[in-house]
Amino acid sequence: MWGGRFAEGPSAIMREINASIPFDKALWRQDITASKAHVAMLAAQDIVTREDADAIADGLDRIAAEYEADGVPEDWDLEDIHMTTESRLAELIGPAAGRLHTARSRNDQVATDFRLWVRDAIDEADRGLAALQRALVTRASEHAASIMPGFTHLQTAQPITLGHHLMAYYEMIRRDRSRFSDARARMDECPLGSAALAGTGFPIDRSGTADALGFARPTANSLDAVSDRDFALDYLTTASQCALHLSRLAEEFIIWASQPFGFVRLPDTLSTGSSIMPQKKNPDAAELVRGHAGRIIGCNTALMMTMKGLPLAYSKDMQDDKPPVFEAAGLLTLSIAAMEGMVAGSTFRTERMREAAELGYATATDLADWLVREADIPFREAHHITGAAVKRAEADGVALDQLSLNVLQEIDSRIDDRVYDALSVDASVASRASYGGTAPEQVQGRVAEARRVLGMDE
Ligand code: ARG
């Protein structure tokens, strides 16, 4: 493609280090789409003849059919998907193929193709996340009144409902979707026509190509347009934060599925057995979601490091932008689907959860609150009295609501038998009816809002 200036061809090492075709062939659909938009514009602007433009468009359609049927050929000498396609076009239609590259460069071409690819990746992530949200909301509604221990420091803190716990993840995913949508809106500008770095002298119609490719507008600075990878970084940072959420959800399932907890039976379809220990059912899918989060965050770091300190405009370092984005997108899609399956297909062992909530003195705060409310005791003192009650229950090996009234009154004489209404886990949960609290009616309220947002009632 640049033989005119060179006396010798590249060495084997140069060919190998230079080649991006092994990975950027994933951009072939976007490359064909962008080239067709470009050549249609060149014809409309009388920069190439209608005849040549038709021949080019037909040739590109034929190449797309070949790639679809046989895959993209990987010839290192052709470096990348752009040159691979152009060289095949020349084989198919002859010298007119050379007119396609008028008024563009691979620099704006790759920036355009990659944006189109990332835009699709965002749409795919969003579809998967919406499905995960629907699964969360469905299970949350089923378990709006199922009692479980709520933890801080992974120590039993207060009783909550399983529905409330699952809806916490609905909220995280809601923010992830909002970040993806922000990223999509920010990248909605078309670099095509920025050419190598400075724009072009041909009378091109940048708004026309932007429009044809579904972008809101053309980019406003050609130097920025060919050297900007913020759109890929926006995708990766958002994917990282999303993966972080998925790994937290995965971790819950790993803990809940362990024998000492026994809160959940994972679907067989998302578990593995052991070749040596017949009793085992391992949460491998959840562990891999937890692991993949590390790799996705690594991809984000990789591209940040590639881009830092690069002067304007394009540098070849930027060819390394694609592998981390492709890798992260593949891992994210899998992780979202695995977590959707796990949420939808798990059996929650609600009797075990309730038992655990009853065992851990989870209603101690309710006793303290009752002392404040009913006996007008300052909270700090109430806290101290409650601590003594927990100590006594622990020594006797019983739950708080199994302490007799005599024993409770020995600890503080202001306690009377109405206290038992506050000490059950059900009463505790029902009392937390502040907006966004764990009371079943609150959970069902949030579920109803979520169902509306997700269009689940239509
Ligand atoms: N293979 C290159 C990439 O993926 C295409 C752009 C090449 N541009 C250049 N000036 N060498 O980044």
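The values are calculated or read from the model by the stated rules, or taken from the named source; none is laboratory data. Since we're looking at a predicted model, the values are computed, not measured. Every residue, glycine as well, gets a Cβ built from its backbone with ideal geometry; the counts of neighbours run over all protein chains shown. The area values use the complete protein model at the heavy-atom level, side chains included, leaving out ligands, DNA and RNA. Shrake-Rupley method; radii C 1.70, N 1.55, O 1.52, S 1.80 Å.
Overview of values
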item	result
Out of 430, 448, 364, sole residue that is closer than 28 Å to residue 165 by Cα and modelled with pLDDT under 95	364
Hey, residue 426 under 42 Å from the mean Cα position of the chain (by Cα), open to solvent by 40 Å² or more (accessible area, probe 1.4 Å) and either over 30 Å from residue 169 (Cβ atoms) or touching a residue at least 40 places away in the same chain (Cβ under 8 Å) (or both) or not	yes
Single residue of the range 338-352 satisfying the filter (of a type in the set (Gly, Ala, Ser) and more than 20 Å from residue 160 (Cβ to Cβ)) that is most open to solvent (accessible area, probe 1.4 Å)	344
The range 295-327 - residue that is free of Cβ contacts under 8 Å to residues at least 40 places away in the same chain and under 14 Å from the mean Cα position of the chain (by Cα) and, of those, least open to solvent (accessible area, probe 1.4 Å)	327
Every residue from the range 91-121 that is in contact with a Ser or Thr (Cβ under 8 Å, 6 or more places away or on another chain) and away from the ligand (no atom under 12 Å from the Cβ)	100, 103, 116
Subset of the range 203-226 that is part of a loop (DSSP other than H, G, I, E, B) and of a type in the set (Val, Ile, Thr) - its residue that is farthest from residue 118 (Cα to Cα)	204
Qualifying position, being within 16 Å of the ligand (Cβ to nearest atom) and either among the charged types (D, E, K, R) or modelled with pLDDT of 95 or more (or both), among 343, 325	325
Positions within the range 1-28 being at pLDDT below 95, of a type in the set (Gly, Ala, Ser) and either open to solvent by 70 Å² or more (accessible area, probe 1.4 Å) or in contact with a helix residue (DSSP H, G or I) (Cβ under 7 Å, 6 or more places away or on another chain) (or both), in sequence order	4, 7
Subset tally (residues that are open to solvent by less than 30 Å² (accessible area, probe 1.4 Å), assigned to a helix (DSSP H, G or I) and closer than 23 Å to residue 446 by Cβ) for the range 89-148	11
Condition broken by residue 232, with the remaining ones in (1) within 16 Å of the ligand (Cβ to nearest atom); (2) of a type outside the set (Phe, Trp, Tyr); (3) surrounded by 15 or more Cβ atoms within 10 Å (Cβ to Cβ); (4) more than 23 Å from residue 175 (Cα to Cα) satisfied	(4)
Residue 31 assigned to a helix (DSSP H, G or I), farther than 20 Å from residue 204 by Cβ and modelled with pLDDT of 95 or more	no
Extreme residue, farthest from the ligand (Cβ to nearest atom), among residues of the range 69-78 that are surrounded by fewer than 20 Cβ atoms within 10 Å (Cβ to Cβ) and not in a helix (DSSP H, G or I)	71
Of the criteria (1) of a type in the set (Gly, Ala, Ser); (2) within 16 Å of the ligand (Cβ to nearest atom); (3) open to solvent by 20 Å² or more (accessible area, probe 1.4 Å), which one residue 65 fails	(2)
Per-region count, the range 269-282, residues surrounded by fewer than 15 Cβ atoms within 10 Å (Cβ to Cβ) and either modelled with pLDDT of 90 or more or of a type in the set (Gly, Ala, Ser) (or both)	4
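Yes/no per residue for (1) over 28 Å from residue 131 (Cβ atoms); (2) within 16 Å of the ligand (Cβ to nearest atom); (3) out of contact with any Phe, Trp or Tyr (no Cβ under 9 Å at 6 or more places or on another chain):
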position: 283; (1), (2), (3): no, no, no
position: 305; (1), (2), (3): yes, no, yes
position: 311; (1), (2), (3): yes, yes, yes
position: 330; (1), (2), (3): no, no, yes
position: 338; (1), (2), (3): no, no, yes
position: 353; (1), (2), (3): no, no, no
position: 381; (1), (2), (3): yes, no, yes
